[in-house]
1. Search the stretch 61-108 for residues being among the charged types (D, E, K, R) and in contact with a Gly (Cβ under 9 Å, 6 or more places away or on another chain), and hand back the single one that is nearest to TRP21 (Cα to Cα).
2. Restricting the first residue to the stretch 173-191 and requiring it to be of a type in the set (D, E, K, R), which pairs with a second residue that is in a loop (DSSP other than H, G, I, E, B) meet a Cβ separation below 9 Å and a spacing of at least six or different chains?
3. Is at least one residue of the stretch 174-187 within 21 Å of PHE225 (Cβ to Cβ) and of a type in the set (Asp, Glu)?
4. Take the stretch 140-155 and flag every residue that is within 16 Å of the chain's Cα centre (by Cα), assigned to a helix (DSSP H, G or I) and farther than 14 Å from LEU235 by Cα.
5. Would you check which residues across the stretch 53-95 are closer than 22 Å to ASP114 by Cβ and among the basic types (Lys, Arg) and list them?
6. For the list (1) touching a strand residue (DSSP E or B) at 6+ places or on another chain (Cβ under 8 Å); (2) within 26 Å of MET203 (Cα to Cα); (3) among the hydroxyl-bearing types (Ser, Thr, Tyr), I need the number of the one condition that TYR15 fails.
7. List the number of the failed condition for ASN10; all other conditions in (1) over 17 Å from the mean Cα position of the chain (by Cα); (2) more than 30 Å from ILE230 (Cβ to Cβ) hold.
8. Quickly run through the stretch 173-218 and pick out the residues that are touching a helix residue (DSSP H, G or I) at 6+ places or on another chain (Cβ under 6 Å), under 29 Å from GLU5 (Cβ atoms) and aliphatic (A, V, I, L, M).
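The values are calculated or read from the model by the stated rules, or taken from the named source; none is laboratory data. In this text, all values refer to a predicted model and were calculated from it rather than measured experimentally. Here the Cβ is made from the backbone with ideal geometry for all residues, glycine too, and neighbour counts use every protein chain on show.
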Amino acid sequence: MENAEIHFKNRAAKYNHSSNWVEDQVLINRIFELSGVGAGSEVLDIATGTGLIARRFYGRVKKVTGLDISPDMAKHADECMDEIVFAPYEKMPFADNSFDAVVCRQGLQFAELDKAIPEIYRVLKPGGSVTLCHLTAFNDTDRELTFAIQKLRNPARRNYLMPGDISDCLRRQGFNDVADIEYISAESINKWIDNGAIPQENMDGIRALYRSADEAFLKIHNVSFTEGDILDDMLLVIATAKK
């Protein structure tokens, strides 16, 4: 497994344009709304990266803090948050009960979940909310091929997620009012794989997997082959809960 910090150092320059969902304002607004924050809220954005999620909260809450492991990604996050802290998600340098809301989009696949979820619970105030959005497979039918594609696209990935995996972790930790919201993102595979961090052989391998996919996978993902590109409807699941 590739080192996540090195992976995102290589991806930093292209990150904001590396997927349709990255800059999707509908998705970003949905995460903001589901967090339930107000003007007096203190918010932690895990895996803040280039700050696109944090920016939606910045100036609308009392304070937004970004947490990440990549200073190179943060170079692209000017004027997106009040503070950025560099530390692993499994060992956050914050006091207990520090935040009214914790949000994360596409970060926990790089974390040790059995350590990161308890840390989220610890730093969240009683009654506070979590809103955690991650790319998943749809079901057992597409699971094997989806995970094979994700592995080639992101060698630093630790976790390959099914729709209920994050919410199951939240329930086991003791969170309440756990719910999942599905969000479909139409993705250009050419755009998705040209992320600056994987070799040409990985990109070719991903295209080959799509071309050899069975009819069940193609139908679930609504895959279409255009001249020079492949289009895939990918599933993101937003897990919400309260402490």
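1. Result: ARG105.
2. Correct list of pairs: ASP180/PRO163; ASP180/GLY164; GLU182/PRO163; GLU187/SER19; GLU187/ASN20; LYS191/SER18; LYS191/SER19; LYS191/ASN20.
3. Looking through the stretch 174-187, at least one residue is within 21 Å of PHE225 (Cβ to Cβ) and of a type in the set (Asp, Glu).
4. LYS151, ARG153
5. Once the filter is applied, which keeps residues that are closer than 22 Å to ASP114 by Cβ and among the basic types (Lys, Arg), the stretch 53-95 yields only LYS91.
6. So TYR15 meets the others, but not (1).
7. Exception for ASN10: condition (2).
8. ILE193, ALA197, MET203, ILE206, LEU209 - these are the residues of the stretch 173-218 that are touching a helix residue (DSSP H, G or I) at 6+ places or on another chain (Cβ under 6 Å), under 29 Å from GLU5 (Cβ atoms) and aliphatic (A, V, I, L, M).
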